[in-house]
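Bear in mind these aren't lab numbers, they're just calculated from the coordinates by the rules spelled out. Predicted model only: the values in this text are computed from it and were never measured. Glycine gets a Cβ as well: all are built from the backbone with ideal geometry, and neighbour counts include every protein chain shown.
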Amino acid sequence: MDLAWITGANGLIGNQLLRLAPVPAPGWTVRGLTREDLDLTDHESVRRLFRQQQPRLILHCAALSKTQACQANPPLARQLNVEVTTRLAELAADIPFIFFSTDLVFDGGQGNYEETAPLNPLSIYAETKVAAEQIVRANPKHTVIRTSLNGGTSPTGDRGFNEEMRRVWQNGRTLSLFTDEFRSPMAAAVTARAVWELVAHDQPGLYHVAGSQRLSRWQIGQLLAARWPQLNPKIEPGSLTDYQGARRAPDTSLNCTKAQNLLSFPLPGLAKWLAEHPAESF
């Protein structure tokens, strides 16, 4: 069987891709790469391992994905999100390469974004993703998948948006959530299933893969608060108009019609998915 690499295998989506692989990825032997396994910034070590193992597919999930961390250290963000991606894409020049990007490449002025919509990143994190997208898309064998907020259970317990909210409530704090900032949240398990199906279709390109329900941060918080009453969750509404930090995109909801037309199952909205799955799964 052919070997597939999954970088960032200790992250939320990477771990789900690894866990789901035996079912939706027949014919692949999958190796998850963590920071402990391989330092992706050590290009010579990466090149050496690539030559030794000769993977036939790379699913590149590793990134510095926390917006605040990227704002605090732009050089590190560019190294991890752009330079690492560039080197991996070069090694994978002749094989499928799947790069994970973000809905935050858009400025949020429109919402329901299709793949062809103009880009206007508002943060360092989003800027690095746009730069990496351009590098990846230069190769017609390679694919960019933009997704939105992903939730679920991660190995480190802090990668899903639900895990962040749960931690705040477990500590007895109150969450202030924007009523006027909208995303397309989805369970990472669904993202992983969709990605494996797209791999099987072998139609490289640019795809949006996210939840079918446009929700505000406040609405997401309400759904999760109702799911975990034992935590005595406390939330209060907030507004972008009162926010004092760096610019935020008000509506980066994604139109996923292009990917949906290839998938064997409907991309669910978050409320529907939560209603169908037990609390411990999210």
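A compact table of results
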quantity	calculated
Compactness index (Cα Rg / 2.2 N^0.38 Å), the stretch 224-282	1.59
Scattering curve values for the stretch 164-282, log₁₀ I(q)/I(0), Debye with Cα scatterers, q = 0.18, 0.21 Å⁻¹	-1.00, -1.18
At most 11 other Cβ within 10 Å, DSSP loop - trypsin sites (Lys or Arg not before Pro), the stretch 129-223	Arg173
Calculated over the chain: convex hull of Cα atoms, volume per residue (Å³)	123 Å³
Net charge contributed by nearby residues that have their C-beta within less than 15 Å of Cys70 (K/R +1, D/E -1)	+3
CD proxy at 222 nm, helix term only [per DSSP H run n ≥ 4: -39500 (n - 2.57); per residue of the chain; nearest 500]	-10000 deg cm²/dmol
DSSP beta bridge pairing in the chain, given as percent antiparallel to the nearest 5	5 percent
Leu231/Gln68 FRET efficiency (R0 22 Å; Cβ-Cβ; nearest 0.05)	0.35
Phe265/Glu44 FRET efficiency (R0 35 Å; Cβ-Cβ; nearest 0.05)	0.25
Student exercise, the stretch 140-282 dipole from Lys, Arg, Asp, Glu Cβ charges, in Debye to nearest 20	120 debye
Spacing of the two label points (7 Å from each Cα toward its C-beta) at Ser176 and Gln244, in nm	0.9 nm
Extension reserve of the Gln52-Ala279 stretch, reckoned as 0.36 nm per residue once the Cα distance is removed	77.5 nm
The stretch 21-85: GluC sites (Glu not before Pro) in DSSP coil with no more than 11 other Cβ atoms inside 10 Å	Glu36
The stretch 56-89-the stretch 227-243 distance, computed between alpha-carbon centres (Å)	30 Å
Rounded to 10°, Cα long-axis angle of helix 161-170 versus longest principal axis of the chain	40 degrees
Pair-distance profile P(r), taking every C-alpha pair of the stretch 1-114, with 5 angstrom steps and integer %	2, 11, 20, 23, 18, 13, 8, 4, 1, 0
